[in-house]
Amino acid sequence: MFGFFRKRSTQLVIGATALAGGAYTVAVFSKSPSNNAEYNKAFYKPFQRQLDPPPSREALLDRIKSTPKYDVLVIGGGATGTGVAVDAATRGLNVCLLEKTDFAAETSSKSTKMAHGGVRYLEKAIFKLSKAQLDLVIEALNERANMLRTAPHLCSVLPIMIPVYEWWRIPYYYAGCKLYDWFAGSQNLRASTVFSREMTTALAPMLNDSELKAACVYHDGTFNDSRMNTTLAITAVDHGATVLNYMQVKQLIKSSDNKVLGAVAVDRETGIEYEVKATATVNATGPYADKILEMDEDPNGKPPKTAQFPRMVVPSSGVHVVLPEYYCPRDWGLLDPSTKDGRVMFFLPWQGKVLAGTTDNPLKEAVSNPSPSEEDIQDILNELQNYITFPVQRSDVLSAWSGIRPLVRDPSNVPKGLDPSTSSTQGLVRSHLIYVTGTGLVTISGGKWTTYREMAEETVDRLVKDFDFGKTVKPCQTKQLILVGGEDYTKNYSAKLMHTYHIPLNLAKHLSHNYGTRSPLILELYIQSDINKLPVVLAGNRSFTPSKSDVTKNNELSYAAFDEPFTVAELKYSLLYEFTRTPLDFLARRSRLAFLNAREALRAVDGVTTIMKEEFGWDNATAQRLREEAREYIIKMGLPPNSDESSADNTL
């Protein structure tokens with residue numbers, strides 16, 4: 001499709017066109033890949049079976065119409081739901097997954113971006129003699145290694161420093177780090193150690209060293225959560241699953257003896273309803289699991305007319321903020337082991353920025369897309385100020401968000417009407433729970449991102465045990481499975497991209513670390529593009545198409561002010577390969593721009609909407625509605641109140 005193997009003449013084209021309204025960063029590179037034939041042959045090998053896009057949305061909807069009965073219906077397209085779909089599909093089961101909004105639209109895009117066992121859980125396990133906490137740590141440490149192995153392009157090892165300001169705490173923290181290593185066993189990443197004051201300040205010059213004694217160092221994993229979620233969805237489709245976003249389940253299908261037979265779902269783009277029947281139905285809706293359980297309590301599978309307190313999920317919100325890269329060492333994280341309210345707080349390098357968090361606030365119910373409060377943002381900044389030598393400014397916050405943790409309890413032991421916000425959530429274990437009702441509905445909730453694969457395996461094991469699929473089901477395959485983009489990936493893949501496509505280092509790193517061995521699919525879209533065929537975008541109140549005369553001798557547009565490596569080609573790739581349906585899907589969850597820099601994401605809304613309008617053939621009303629939805633979401637992502645960005649309004 002993209003002509004990877006045909007020779008090209010050398011010709012300069014404009015690439016890396018940024019998606020901000022009127023602000024572009026342009027890289028000029030050659031259309032000719034490396035002229036080393038043997039090198040190119042080896043480099044392109046992983047893409048030979050990836051040339052064609054996955055089935056279109058229309059094809060997947062037609063598949064639902066033509067499928068009388070699936071083996072497994074999964075409700076929910078977050079980490080757990082897509083994990084279950086991948087596990088079941090790779091075992092040979094016919095799977096359908098329905099997501100109400102977009103993949104990772106809620107909790108799964110708003111984590112701390114860590115693949116970790118949990119040092120704080122280990123501390124609780126030891127001092128409270130809690131076997132449940134210890135089991136969670138050991139399980140998560142094993143799954144941490146699995147994440148690093150199955151998605152090497154999205155997950156990497158991150159050393160984390162614990163600054164120590166009292167001599168007696170050095171052996172205390174070091175012993176804890178060594179126990180963390182020991183419980184990881186053969187899956188341990190690297191040995192923990194202690195750095196002197198001089199070494200610590202050399203690596204982290206922004207640290208306040210006036211009373212610093214040393215730093216204990218341990219290792220965990222870091223990853224891009226929503227891209228991991230999207231990758232799981234694509235991997236499930238790659239193994240035959242029917243996976244659809246923007247499909248809202250409005251009712252469960254029940255038999256005459258009150259058994260769940262599937263669900264009725266409505267396509268939120270067209271309003272058309274579909275009956276999806278399945279042998280087994282899995283509720284994997286995370287913090288919203290009680291909504292489906294309430295449908296299950298009705299003989300007709302309908303939601304209740306009045307709101308109920310959740311019985312299974314005890315929701316808790318956690319706020320994170322993103323700051324410029326100079327707030328943390330580029331390759332080292334920082335851990336505050338004891339905040340004023342007894343939590344731990346991380347300050348981690350992520351996607352070229354610094355991620356800080358998190359808070360912990362109990363909620364009455366899980367609400368969609370909660371906004372971070374100014375109080376929570378200030379709490380994080382105040383904790384960071386304890387470690388940083390320069391003033392921590394509110395204006396430095398590039399983005400902020402609030403996510404819902406799905407802490408769980410057995411609903412059969414909880415009376416109806418109990419308000420979950422009346423007690424603290426800090427004492428609850430982050431383990432998962434599989435709950436099967438008398439109707440046969442299987443609910444999986446709780447846990448955390450790191451344990452998604454284990455949760456999916458246990459869920460499908462339960463399905464195989466409880467349901468007759470009329471076929472031989474293979475054992476779990478996901479411990480050996482490499483997710484899409486991770487095939488033949490190496491840590492120097494960005495260098496290969498640079499030499500093959502002659503692109504800047506920051507763009508090569510961005511693509512390799514987020515798309516892995518699928519990066520050439522995006523770069524081929526660059527190569528095929530022509531400067532005169534770029535979509536019309538908006539710049540303030542004027543529209544224009546960039547031309548070659550806009551390029552300066554430094555190979556940058558004269559009005560360039562945008563410093564993020566997100567491109568038109570990346571957007572078009574996501575439309576073809578990743579089921580992107582709205583501007584917000586791309587800005588928040590495929591490219592992560594909204595999570596990295598809300599101001600620039602807000603500026604990019606018009607350009608992205610214009611391109612998608614052309615690609616999908618939207619009418620003006622649809623384009624305007626989706627544009628406003630994106631703006632409303634991004635404005636709530638930590639932008640200062642009454643800022644110029646939050647009040648701007650440019651109608652398409």
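Please label the shape of segment 153-263 as rounded, prolate or oblate, based on the square roots a ≥ b ≥ c of the eigenvalues of the alpha-carbon gyration tensor (a/c under 1.5 means rounded; beyond that, a/b larger than b/c means prolate, else oblate). Write down the numbers at each step before the final one.
On the way: a/c = 3.22, a/b = 2.78, b/c = 1.16.
Taking the square roots of the gyration eigenvalues as a ≥ b ≥ c, segment 153-263 is prolate.
In vacuo Debye scattering of segment 159-216, one point per C-alpha: log10 I(q)/I(0) at q = 0.14, 0.30 Å⁻¹?
At q = 0.14, 0.30 Å⁻¹ the computed log10 ratios are -0.39, -1.20.
Pairs to check: Lys100/Lys250; Lys509/Lys613; Lys302/Lys448; Lys124/Lys340; Lys110/Lys448; Lys250/Lys277. Give those whose C-alpha atoms are more than 19 Å from each other in this structure.
Correct reply: Lys509/Lys613; Lys302/Lys448.
To the nearest 10 Å², what's Met247's accessible area with a 1.4 Å probe?
0 Å²
Quote the accessible area belonging to Arg430 in square angstrom, nearest 10, computed with a 1.4 Å probe and with ligands, DNA and RNA left uncounted.
Looks like 40 Å² after rounding.
Output wanted: per-residue J couplings in Hz (rounded whole) for segment 207-212, from phi through Karplus 6.51 cos²θ - 1.76 cosθ + 1.60, θ = phi - 60°, x for Gly and Pro.
6, 6, 10, 4, 10, 5
Please identify every one of the trypsin sites (Lys or Arg not before Pro) in segment 240-295 that sits in a loop by DSSP and has no more than 16 other beta carbons within 10 Å of its own beta carbon.
Values: sites: Lys250, Lys254, Lys259, Arg268, Lys277, Lys291; in loops: Lys259, Arg268.
Listed in order of number, the matching sites are Lys259, Arg268.
Ignoring ligands and nucleic acids, what accessible area does Arg462 show with a 1.4 Å probe (Å², nearest 10)?
80 Å²
The values are calculated or read from the model by the stated rules, or taken from the named source; none is laboratory data. Note that the coordinates shown come from a computational prediction; the quantities given were computed from them, not determined experimentally. Cβ atoms come from the backbone with ideal geometry, glycine included; neighbour counts cover every protein chain shown. The area values use the complete protein model at the heavy-atom level, side chains included, leaving out ligands, DNA and RNA. Shrake-Rupley method; radii C 1.70, N 1.55, O 1.52, S 1.80 Å.
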